[in-house]
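Q: Okay, here's the structure, questions in a sec.
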Amino acid sequence: MKLARKDLLGIQDLSVEEINLVLDTADSFIDVSTREIKKVPTLRGVTVVNLFYEPSTRTRTSFEIAAKRLSADTINIATSTSSVVKGETFIDTARNLEAMNPDIIVLRHSAAGSPHMLSRAVRQSVINAGDGAHEHPTQALLDMMTMREKKKRLAGLRVAIVGDIAHSRVARSNIYGLTKMGATVSVGGPITMMPRFIERLGVEVHYKLEDAIRNADIIMMLRVQLERQDTNLFPTLREYARYYCLNRKNIGAAKDDVLIMHPGPMNRGVEISPEVADGPYSVILEQVTNGVAVRMALLYLLSGGKS
Amino acid sequence: MTTLLRGGRVIDPSQKIDDVMDVLIEGNRIAATGRNLVEDAKGRKKDPGLTVIDVRGKLVVPGLIDIHTHLREPGYEYKETVESGCEAAVAGGFTSIACMPNTNPVNDNRSVTEFILRQAQKAGLATVYPIAAVSRGSEGKALTEFGDLKEAGAAGFSDDGRPVMHAGLMKRALEYAHSLDLPVVAHCEDWQLSKGGLMNEGLVSTELGMPGIPTISEDIMVMRDILIAEYVGTSVHICHVSSAGAVRILRQARERGVRVTAETAPQYLLLTDEALKGFDTSCKVNPPLRSAEDVAAVRAGLRDGTIEVIASDHAPHSAIEKEVEFEYAASGMVGLETSLGLSWKLVEEGVLTPSELIARMTVNAARVLRIPKGTLKKGADADVTVIDPKKTWTVDVRAFRSKSRNSPFNGWKLPVKAVLTIVGGEIKYSEL
Amino acid sequence: MKKRKVVMDSEGIERSLTRVAYQILERNKGVEDLVLVGIQKGGILLAERLGKKISRIEGVPVPAGKLDITLYRDDIMKSGRARQLGKTDIPFSLDGKKVVLVDDVLFTGRTIRAAMDALMDFGRPKQIQLAVLIDRGHRELPIRADFVGKNLPSSHSEAVLVRISKRKTSDSVTIEEAF
C-alpha cells in the first residue's frame, strides 16, 4: 500500500490500487478538517510551492489550505506571463525553483505537459494542478471521492460528462479515472466540442443532452469557456444554452437520485440553470470540501513517498 | 591531385551501378569508375601525387544531397551558421544542401542570397543552394524578384514554413518560376485548418488534450498545388510529406502525368505521434508526427516512388526555443547528422534496397533542384560519400557539429555511418 | 529457525487486565470523568476490554475511543513511504477528562509522545494516564506507564508480539529473535 511515485502528473498513469489508496486516505483526512484544531503536525518543515501560471483562486486556495492543515509551509507564486515572455526558458525557471529546495511543487499551467517537463527537470515532487486541456488529476480524484461518498461505489455507476469535452482537462481526468474504476462514462455536447476518436477512450458519445444523461447516476456539467464563441465551436451562447443547458425539465432523463457536479466556476443560465445548480441534487459544495481532503492525501502520500 | 577510392561497393543509381569497383578522382572531377583502375591511375604521369584510399567493405556513393535544410544565417546565428550547418552536412555524408529562406532578414533579395553563398564559400565544405522566398518577407503578398534571385544563385523558391495561402499568388509563382526553369518548393499546410494546432489531430492529441493539426490541412494544400501545377502545366515540389492522404493524392496526380515531385523526412518514416506522449519538445515538428497508418502510407509512397526524395528538414533550435512549454516550443528538429543512418533503417527493414535509398538521397534530389549533382559519371563534380555499412553508432546530440541539439533521436543506435565525404575532389570529412 | 517464546498466554493476559482495571479504578477513585482511548492498532481491543471490565466492576459504562497517531509521528518524512492512516474516533469531549491511553507495548515512548500531542488537539484533558500490557524498556523519551500488565526485559534485537483478538482464547504475547 503505497504511492510509489515521485509525482502526480495525471490519472491516466495511475492504477486502480493507487486511486483507491488516495481516496481512502482522503476519507481519513476529512476528519482533520472538521476538528476544532484543523491542523496536524505531519508535514512540519515541508515546503510546498504553488506555482500558478494561470489564475485559479479555487484550486490554489484548496492546495494552500491542504498544505497548511498538514503544517507544511506554502509559498504561492502566481505569474500570468510565461517564462518565454520573460526571456528565460521554463527549464531555467524550474532550476531556479529547485535551487530554493522546496519539497513539493504544485503546478497549474495553461500549456499541456508543463508538469511533465517540470518533473523531469527537478528532483522535487510535482503535482499537476491542471495543465492546459490535458489533465486535472486532483479534480478528478475529488470528483470520484464525492461520487463514492454519495453512491457508496464507483463501479457500475453511469456518469455523464456534458460540455466542451475537447478543451476540458476535467473531462479527460475523469474519463481516465472513472473508466478505470469500472464506471460507465457517457460524454455529451455539440460534435464540434468532441475531440477526434474520443470513443476510443472507452466512453459513449452523444450529441443530445437527454441521450447523454439518460439513466445517469451522476451528471457533471462542464464550464463553457465564453471566449470560445469566437472559434465557431458553437454559433451563439444562446443556441448552446438552448440545447445543452441542464434544467429541471431535461434532468428528468437521468435517474431520480442523480447527483449534479460541476468543477466550477459555473455559468448559471448557460450550461446549468440556477434551479438545478442550487437544487437538492447539487453536490458542488461537497466537491469543494473533498478537494481539500484529496489534496491533503496527495501531499501526505507524496511526502512519505521519498526515501 | 588524383585520388583513387579502391575496392568499394559502388552504388550509383544514376548509372544503375551496384558493384565492387574503383572510383578515380582527378582534380575536382570524376575521372573514371571501373575495375582495377590502379594501373590506369599510375599511368597518368601528369599527376605525381596519387592517393589511394582503401575502401574495401565500404559503400561508395555519389555525394548525398539534402534539399531541405535551415542554416539560420543571417539572423539566427546562435542556432546555426552556414559554416556549422555545412560541418554537420559533411559529417552526415552530405555534399550538397539547399537552405530555406526563413532567415532574418528573409532571403527575398539578391543581397541575402549572395551573402549565404559567400558564407558557404568561406566555409568551403558542402555546396550550398539557397532557396529564395516566393513572396517578399514571406508574407504571402507580393512576388520576389525571381529573375534577379536566379542570377544571384537562388536554386528555387519557397515560403517554406509560412505556406503560400493565397492560391492566386501560388499560381503566379508557379508560372513565373516555370519560365525561369527553377522549382517551387511547397510546404503544404492550410493555416485555417492547422491554426493553434500543436500536434497531429488524432487519438493521441485527444488523450493529451492538445489542439490538433488535421491531416487534411496538408492534404488540401497538396491537392491545391497539384491542381495549380497541372493547370499551369508546370512542375511543383511538395515538401516533407507526412500524411496518407497526401501520398494518395500524389500517387493519383503522377498517374495522370502531373509533374509533381515530393520528399519526406526520416522522422515521418520512423516516428508516430505516440512519441509526443512525454511532451518532449524535440518531437515537435511541422508537419507534425502523424499516426502509424500515415507512417505506413508514407513508407509505401517512398517505396513505390510516389515520394522520390528523402530530405532532413534540418531545423536547428536552441534551448531558448525548445526548453519551454510544449505549446510555446518552436517546431523542428536537426537532421543532417542522423538522416543517412535513420534512413538506412528502411533498408534494414526491407522497405528499400540500398540502391533505392541512395537514389532518393542523390540523383532524385538533384533532379528536383535541377542541379548537375548526384552522379559518379565521368566528368561529373567529384562529390563522393563513402559509407561504412557495418559501423553502428549511437546518436549523441552533444557530439553534433550542428550548433543545435534538438533531436528526438538522441540515444538511437544507427546502422551505418558516412566515413568519408569528398566535395569537389577534396576530403571534407573523414573517419577513415 | 527463529527462537520464539510465549511469555503470556490468554489467561495470563486476562489476569493482568483485571488487575490493571482495578488499579485504574483505585488510582482514579472511581469512574467519574474517566475515559479510555486506545491507540491504533494494538491498543484498540485492549481499551475495549479494559472498559468492559471497569464497567462490570462499577456498573457504569466507561467511554472508549480510538486514536490513530500516524499524522503525529516524528518519522513520516524519514520512513521512506507514507503509512496508511487508521481511524480516529473519539465520540466524546476530552475537556476536563481523565484520559487513560491504552497501548499494547511500551517501547521507545515515541508513540505515546505522538498520542499525547494528538489528544491535546482534540481537547484539554485534566489528566493523561498510560496503561500498557507490556513494558519492554528501552525508553528514548522521559515517559513511563502508570499501569503495566507485565514488565518484560528485552533486547533491541528481539521483537515482542502481542496478539489480541475478539476470541480471547488465542491471545498471546511472544518474544522472538527479530534477526
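The values are calculated or read from the model by the stated rules, or taken from the named source; none is laboratory data. Because the structure is a prediction, the values reported are computed rather than measured. As a convention, Cβ positions derive from the backbone with ideal geometry for all residues, glycine included, and neighbour counts pool all protein chains shown. Ligands, DNA and RNA are stripped out before the accessible areas are found, and what is left, the full protein with its side chains, is counted by its heavy atoms. Shrake-Rupley method; radii C 1.70, N 1.55, O 1.52, S 1.80 Å.
Q: Among DSSP beta bridges whose residues both lie in the protein assembly as shown, state the antiparallel percentage, nearest 5. Please list the in-between numbers first.
A: Values: 43 of 128 bridges.
Antiparallel bridges make up about 35 percent of those DSSP assigns within the protein assembly as shown.
Q: Next up: Are there any GluC sites (Glu not before Pro) in region B:328-386 that are in a DSSP loop and have at most 12 other Cβ atoms within 10 Å? List them by number.
A: Values: sites: B:Glu337, B:Glu348, B:Glu349, B:Glu356; in loops: B:Glu337, B:Glu349.
Passing sites in region B:328-386 are B:Glu349.
Q: Please report, to two decimal places, log10 I(q)/I(0) for region B:316-432 at q = 0.14, 0.22 Å⁻¹ as given by the Debye formula with identical point scatterers on the Cα atoms and no solvent.
A: The Debye formula, applied to the Cα set alone, gives -0.73, -1.30.
Q: Any idea what the dipole of chain B comes to, in debye rounded to 20, about its Cα centre with Lys/Arg Cβ at +1 and Asp/Glu Cβ at -1? Don't skip to the end; give the middle numbers.
A: Working: 51 positive and 57 negative charges, 243 e Å.
It works out to roughly 1160 debye.
Q: Using only the alpha-carbon atoms, what does region B:51-156 span along each of its principal axes? Please give whole angstrom values in decreasing order.
A: On the principal axes, region B:51-156 reaches 54, 29, 21 Å in Cα extent.
Q: Another question about this same structure. Output the antiparallel fraction of DSSP beta bridges having both residues in chain B, as a percent to the nearest 5.
A: Numbers: 31 of 60 bridges.
Around 50 percent antiparallel, to the nearest 5.
Q: Once every DSSP H run of n ≥ 4 in chain B is given -39500 (n - 2.57) and the sum is divided by its residues, what mean residue ellipticity at 222 nm do you get, rounded to the nearest 500 deg cm²/dmol? Kindly include the intermediate steps, with their values, before the conclusion.
A: Details: 15 runs with 137 residues, N = 432.
Here the helix-only value at 222 nm equals -9000 deg cm²/dmol.
Q: Mind jotting down the distance between the C-alpha centroids of region A:270-307 and region B:369-432, whole Å?
A: Between the Cα centre of region B:369-432 and that of region A:270-307, the gap is 58 Å.
Q: If you don't mind, another one. Between rounded, prolate and oblate, where does chain C land on the alpha carbon gyration tensor, with a ≥ b ≥ c its root eigenvalues, rounded for a/c under 1.5, else prolate if a/b exceeds b/c?
A: Numbers: a/c = 1.79, a/b = 1.17, b/c = 1.53.
In terms of gyration-tensor shape, oblate.
Q: Of all DSSP beta bridges in chain C, what percent run antiparallel (nearest 5)? It would help to have the intermediate numbers written out before the result.
A: Details: 11 of 32 bridges.
Expressed as a percentage, antiparallel bridges in chain C total about 35.
Q: Within a Cβ distance under 9 Å of C:Thr174, other residues only, what is the Lys/Arg minus Asp/Glu net charge?
A: For residues surrounding C:Thr174, the net value is +2.
Q: In 10 Å bins starting at 0, how do the alpha-carbon pair distances of region B:226-306 split up by percent?
A: Calculated over all Cα pairs of region B:226-306, the distribution is 19, 46, 25, 9, 1 percent.
Q: Identify, among C:Gly86, C:Gly12, C:Thr108, the residue whose Cα sits farthest towards the positive end of the charge dipole of chain C, taking +1 on the Cβ of Lys and Arg and -1 on the Cβ of Asp and Glu, with the dipole about the Cα centre.
A: Sorting the options by dipole projection puts first C:Gly12.
Q: Here's another thing I want to ask about it. Just want to confirm a number: the relative contact order over region B:336-432, from Cα pairs under 8 angstrom separated by 6+ residues, in percent.
A: Values: 128 pairs, mean separation 26.3, N = 97.
It comes to 27 percent, rounded to a whole number.
Q: What's the magnitude of the charge dipole for region A:86-226 around its Cα centre, counting Lys and Arg as +1 and Asp and Glu as -1 at the beta-carbon? Answer in Debye, nearest 20.
A: Numbers: 19 positive and 14 negative charges, 66 e Å.
So the dipole magnitude of region A:86-226 works out to roughly 320 debye.
Q: Could you tell me how far the Cα centroid of region B:124-150 sits from the Cα centroid of region B:316-367, in Å?
A: Centre-to-centre (Cα) distance: 23 Å.
Q: Could you grab the relative contact order for chain A? Cα pairs under 8 Å, six or more apart, rounded to a whole percent. Each step should come with its number before you reach the end.
A: On the way: 622 pairs, mean separation 63.6, N = 307.
Averaging sequence separation for qualifying contacts and normalising by length gives 21 percent for chain A.
Q: Between beta-carbons, use under 15 Å as the cut-off and find the net charge around C:Ser93, counting Lys and Arg +1, Asp and Glu -1.
A: -1
Q: If exposed means no more than 11 neighbouring beta carbons inside 10 Å and the site is in a DSSP loop, what's the longest run of chain C without any exposed GluC sites (Glu not before Pro)?
A: In chain C, the maximal stretch lacking such sites is C:33-139.
Q: So for region B:1-101, taking the charge dipole from beta-carbon charges (+1 Lys/Arg, -1 Asp/Glu), which of B:Thr81, B:His70, B:Ser96 sits furthest toward the positive end?
A: B:Ser96
Q: Report the normalised scattering of region B:108-179 as log10 I(q)/I(0) at q = 0.11, 0.12 Å⁻¹, calculated by the Debye formula with identical scatterers on the alpha carbons.
A: -0.27, -0.32
Q: For chain B, what is the relative contact order in percent, using Cα pairs closer than 8 Å and at least 6 residues apart in sequence?
A: Numbers: 1089 pairs, mean separation 85.3, N = 432.
In percent, rounded to a whole number, it is 20.
Q: In addition: Can you give the accessible area buried between chains A and B, summed over both chains, with a 1.4 Å probe, in Å² to the nearest 100? If you can, show how the numbers build up before the last one.
A: Numbers: alone 13590 and 16410 Å², together 28110 Å².
For A against B, buried area totals roughly 1900 Å².
Q: A further question on this structure: Based on alpha-carbon atoms only, what is the radius of gyration of the protein assembly as shown relative to the globular estimate 2.2 N^0.38 Å? Each step should come with its number before you reach the end.
A: Numbers: Rg = 36.7 Å, N = 918, 2.2 N^0.38 = 29.4 Å.
That ratio works out to 1.25.
Q: Pop out the ³J(HN,Hα) list for region C:58-69 in order, Karplus 6.51 cos²θ - 1.76 cosθ + 1.60 with θ = phi - 60°, rounded to Hz; leave Gly and Pro as x.
A: 9, x, 10, x, 10, x, 10, x, 10, 10, 9, 9
Q: Another one. Which value, in debye to the nearest 20, gives the size of the charge dipole of region A:144-252 about its Cα centre, when Lys and Arg are +1 and Asp and Glu are -1 at the Cβ?
A: Values: 19 positive and 10 negative charges, 89 e Å.
Roughly 420 debye for region A:144-252.
Q: To continue, here is another question. Quick one: what do you get for region A:1-122 if you divide its Cα Rg by 2.2 N^0.38 Å?
A: That works out to 1.14 for region A:1-122.
Q: Shifting gears a bit: Considering only DSSP states other than H, G, I, E and B, which chymotrypsin sites (Phe, Trp or Tyr not before Pro) in region B:339-432 qualify as loop sites with at most 16 other Cβ atoms within 10 Å?
A: Here the chymotrypsin sites (Phe, Trp or Tyr not before Pro) that fit, given the DSSP loop and packing criteria, are B:Trp412.
Q: Would you calculate the separation in nanometres between label points at A:Asp211 and C:Arg139, each defined as 7 Å from the Cα along the Cα-to-beta-carbon direction?
A: Rounded to a tenth, the inter-label distance reads 7.4 nm.
Q: Another question about this same structure. In nm, to one decimal, how far is the modelled label at A:Asn247 from the one at B:Ala142, with both set 7 Å along Cα→Cβ?
A: 5.7 nm
Q: Here's something else I'd like to know. What residues have an amide H closer than 5 Å to that of A:Arg158, excluding those fewer than 5 places away on the same chain, when H is modeled at 1.01 Å from N in the peptide plane?
A: Residues meeting the amide H criterion: A:Thr184, A:Asp217, A:Ile218.
Q: So how tilted is helix B:292-303 from the main axis of chain B? Cα-based, degrees 0 to 90, rounded to 10.
A: 40 degrees
Q: Restricting attention to region B:220-287, which trypsin sites (Lys or Arg not before Pro) occupy a DSSP loop and are surrounded by at most 13 other Cβ atoms within 10 Å?
A: Values: sites: B:Arg224, B:Arg248, B:Arg251, B:Arg254, B:Arg256, B:Arg259, B:Lys277, B:Lys284; in loops: B:Arg256, B:Arg259, B:Lys284.
Sites meeting the loop and neighbour criteria: B:Arg256.
Q: Still on this structure: In a shell of Cβ-Cβ distance under 12 Å around C:Ile24, excluding C:Ile24 itself, what net charge do Lys and Arg (+1) and Asp and Glu (-1) give?
A: Summing Lys and Arg as +1 and Asp and Glu as -1 gives +2.
Q: Taking the square root of 5 times each eigenvalue of the Cα gyration tensor, what semi-axes in Å does the equivalent ellipsoid of region A:119-166 have, largest first?
A: Each semi-axis is √(5λ); the values are 27, 16, 7 Å.
Q: Still on this structure, I have one more. More than 26 Å apart: what percent of Cα pairs in chain A qualify?
A: Tail of the P(r) past 26 Å holds 44 percent of the pairs.
Q: Would you please give the FRET efficiency between B:Glu255 and C:Lys78, computed as 1/(1 + (r/R0)^6) with r the Cβ-Cβ distance and R0 = 60 Å, to the nearest 0.05? Can you show the working numbers first?
A: On the way: r = 72 Å, r/R0 = 1.20.
Efficiency, from the Cβ-Cβ distance: 0.25.
Q: With the dipole of the protein assembly as shown worked out from charges on the C-beta (+1 for Lys and Arg, -1 for Asp and Glu) around the Cα centre, which of B:Leu125, A:Thr47, B:Ser158 lies farthest toward the positive end?
A: Going by the charge dipole, the pick is A:Thr47.
Q: Within the protein assembly as shown, what whole-number % of the accessible surface is contributed by carbon and sulfur, with the 1.4 Å probe and all protein chains included in the calculation? Intermediate results must be reported in sequence, preceding the final value.
A: Numbers: 18170 of 36520 Å².
Accessible surface attributable to carbon and sulfur in the protein assembly as shown totals 50 percent.
Q: If a/c stays under 1.5 just call it rounded; otherwise compare a/b with b/c (prolate if a/b is bigger, oblate if not). Do that for region B:268-318, with a ≥ b ≥ c from the square roots of the Cα gyration tensor eigenvalues.
A: Numbers: a/c = 3.69, a/b = 1.47, b/c = 2.52.
Oblate.
Q: Here is a follow-up. Which residues' amide hydrogens lie under 5 Å from the amide hydrogen of C:Leu34, considering only partners 5 or more residues apart or on another chain, with H built in the peptide plane?
A: C:Lys98
Q: Compute the separation of the alpha-carbon centres of region A:159-194 and region C:61-112 and state it in Å as a whole number.
A: 42 Å
Q: Under Stokes-Einstein, with the Kirkwood radius over Cα pairs standing in for Rh, what whole-number D in µm²/s applies to region A:126-227 at 25 °C and 0.890 mPa s? Provide the component values of the computation, followed by the final result.
A: Working: Rh = 13.5 Å.
Estimated via Stokes-Einstein, D reaches 182 µm²/s.
Q: Using only Cα atoms, figure out Rg for region B:62-369 and give it as a multiple of 2.2 N^0.38 Å. Write down the numbers at each step before the final one.
A: Working: Rg = 17.8 Å, N = 308, 2.2 N^0.38 = 19.4 Å.
My calculation over the Cα atoms of region B:62-369 gives 0.92.
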